[in-house]
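Undergrad: What follows is a single structure, and I will ask about it in a moment.
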Amino acid sequence: MKGFYNLSIRLYGLSILIASFFNEKAGKWRAGRKDIFIKLQEAIQVSEQPLAWFHCASLGEFEQGRPVIETFRKKFPAYKILLTFFSPSGYEVRKDYKEADYVFYLPLDTPPNAKMFIEIVKPTIAVFIKYEFWFNYLTELKKRSIASFLVSAKFRDDQYFFKNTGRSFRKYLRFYTTLFVQDEASEALLKEFRISNVVLCGDTRFDRVINISQQPFPNPLFQIFKNKQPLLLCGSTWEEDEKLIFPVYANLIRLGLKPKLIIAPHEVSEARIKSIQTKYPTTLRFSAATENNTAPANVMVIDTIGVLSYLYRFADVAYIGGGFGKGIHNLTEAAVYGIPVLFGPNYKKFIEAEELIKKGGGFSISTTEGLEAKIKKLLTDPDYRKTCGETGASYILSGKGATEKIISKLEEILGSPH
């Protein structure tokens, strides 16, 4: 099975190489790894300072791991920090992240790459975020007795680790020094398969969104845009989401409800932004917004990255995209502000979605009619809207503390930082 894994990794690399000639994202993925080991050697000089390596797949996982990285920096100031990304969507946005000493792409997980990377970097510890299972890197770390951790992990019985065909990969879960899991179900599943290096700590995203919600966001344009009217904010949307959103919004206007609408697409390429403007020609771009043209506008599209998690504070109702595709995006960054959250039907792998539905702070919809009915109810019944929002916020606040548990365990393993 290891041979099949290595073959699949090489085939993936070949597919990216081919795609890079006509796909911008694949091109960045390839270009970012060109001469990667030379760049690493030039940047990371031999030093007596210990180095902590944090790896995230993309931007979402980075935000999930960010509280751990920043708390680690404060607790262990003697350590250098290396941050790596698999995807351009993470690296391109956070390549200048100030809390890391070095930011790089992660070389493809082949045996030679993993060996060379670890020899150059010489990490004291390695921390992977959520679903990062790179078996050759884990093997090298294990060989060298380097402590490794998986943070905010979530396991399900339909994952290949727990199937007969995935039995040979299950051993790699024991290679981690500690698996920090989000929920009791993950902990129980791992222990059922005699994997005991497990600590239940919760989801570090909760710590992150709580922190963001307490930070000021001094941008008056959004209050001007809202203009004391109800605001529907649709975040991390895809075209499938917008097929429901735009007809519903048009009907709400016809009914005289007059909400304002902000669309923040998951991808902010020029093509995506223009496609939204084509569907709704009067849409105002955030990058073109001024105090003069903002108040009269009814629809705004966010054509930049990095502000969405702060914008939910202005909303009355939030819709989170992804539920008509591979899975919903981050509900917690909206729910923390005490507003109801709506999302599509593909949410079963997300604990927070199931909990928000159970508690009444979140709602899954699958049709245009269902979305319109729920938004109408929430906009026309402020008491109901407030109750739903407060329920969701209480749930988010109750999840605080995962970062503290993780850092405490790292202190046990690494010793006192002082």
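Undergrad: Pairs needed: first member in region 74-99, closer than 18 Å to Trp134 by Cβ and hydroxyl-bearing (Ser, Thr, Tyr); second member anywhere, open to solvent by less than 60 Å² (accessible area, probe 1.4 Å) and assigned to a strand (DSSP E or B); C-beta distance under 6 Å; at least 6 residues apart or different chains.
TA: These pairs meet every condition: Thr84/His55; Thr84/Phe104; Tyr91/Phe85; Tyr91/Tyr105.
Undergrad: Now for a different question. Report yes if Ala334 is assigned to a helix (DSSP H, G or I), open to solvent by less than 10 Å² (accessible area, probe 1.4 Å) and modelled with pLDDT of 95 or more, otherwise no. Reasoning before the result, please.
TA: Values: assigned to a helix (DSSP H, G or I): yes; open to solvent by less than 10 Å² (accessible area, probe 1.4 Å): yes; modelled with pLDDT of 95 or more: yes.
Answer is yes for this residue.
Undergrad: Is it the case that region 383-393 has a residue that's at pLDDT 95 or above, over 22 Å from Ser213 (Cβ atoms) and not in a helix (DSSP H, G or I)?
TA: No - not one qualifying residue is present in region 383-393.
Undergrad: Determine whether region 95-104 contains at least one residue that is aliphatic (A, V, I, L, M) and at pLDDT below 95.
TA: Taking region 95-104 as the starting set, the residues that turn out to be aliphatic (A, V, I, L, M) are 100, 103.
Checking which are at pLDDT below 95 leaves us with none.
No, because not a single residue in region 95-104 is aliphatic (A, V, I, L, M) and at pLDDT below 95.
Undergrad: If you don't mind, there's one more thing I want to ask. Cβ-Cβ under 6 Å, sequence separation 6+ or interchain: first residue in region 100-123 and over 24 Å from Glu48 (Cα atoms), partner surrounded by fewer than 16 Cβ atoms within 10 Å (Cβ to Cβ) and not β-branched (Val, Ile, Thr). Which pairs?
TA: Hits for this filter: zero, empty list.
Undergrad: In addition: Identify, please: which residue in region 188-223 is charged (D, E, K, R) and crowded, with 21+ Cβ neighbours inside 10 Å and is, among those, farthest from Gly399 (Cα to Cα)? If you could, list the steps in order and put the result at the bottom.
TA: First pass over region 188-223, keeping only residues charged (D, E, K, R): 191-192, 194, 203, 205, 207-208.
With crowded, with 21+ Cβ neighbours inside 10 Å added as a condition, the list becomes 203, 205, 207-208.
Numbers: Asp203: 7, Arg205: 9, Asp207: 8, Arg208: 11 Å.
Among them, the one singled out is Arg208.
Undergrad: OK, next. List every residue pair whose Cβ atoms sit under 8 Å apart, with the two residues 6 or more apart in sequence or on different chains, where the first one lies in region 269-293 and is modelled with pLDDT of 90 or more and the second, anywhere, is among the hydroxyl-bearing types (Ser, Thr, Tyr).
TA: Cβ pairs passing all conditions: Ile276/Thr283; Gln277/Thr283; Leu284/Thr294; Phe286/Thr304; Ser287/Thr304.
Undergrad: While we're here: Here are some conditions: (1) assigned to a helix (DSSP H, G or I); (2) touching a residue at least 12 places away in the same chain (Cβ under 8 Å); (3) open to solvent by 60 Å² or more (accessible area, probe 1.4 Å). Ser366 meets all but one. Which one does it not meet?
TA: Single failed check for Ser366: (1).
Undergrad: Taking interchain pairs and intrachain pairs at least six residues apart, which have beta carbon atoms under 7 angstrom, with the first residue in region 169-188 and in contact (Cβ under 8 Å) with a residue 60 or more places away in the chain and the second polar (S, T, N, Q) and open to solvent by less than 40 Å² (accessible area, probe 1.4 Å)?
TA: Cβ pairs passing all conditions: Thr177/Ser148; Thr177/Asn197; Thr178/Asn197; Phe180/Ser152; Gln182/Ser152.
Undergrad: Which condition from (1) open to solvent by less than 30 Å² (accessible area, probe 1.4 Å); (2) modelled with pLDDT of 95 or more is the one that Ile16 breaks?
TA: Only one criterion in (1) open to solvent by less than 30 Å² (accessible area, probe 1.4 Å); (2) modelled with pLDDT of 95 or more is unmet by Ile16, namely (2).
The values are calculated or read from the model by the stated rules, or taken from the named source; none is laboratory data. A quick note: this is a predicted structure, and the numbers were derived from the prediction, not measured. Backbone-built Cβ (ideal geometry, glycine too); neighbour counts: all protein chains shown. Each accessible area value is taken on the protein alone, full model and side chains, heavy atoms only, with ligands, DNA and RNA left out. Shrake-Rupley method; radii C 1.70, N 1.55, O 1.52, S 1.80 Å.
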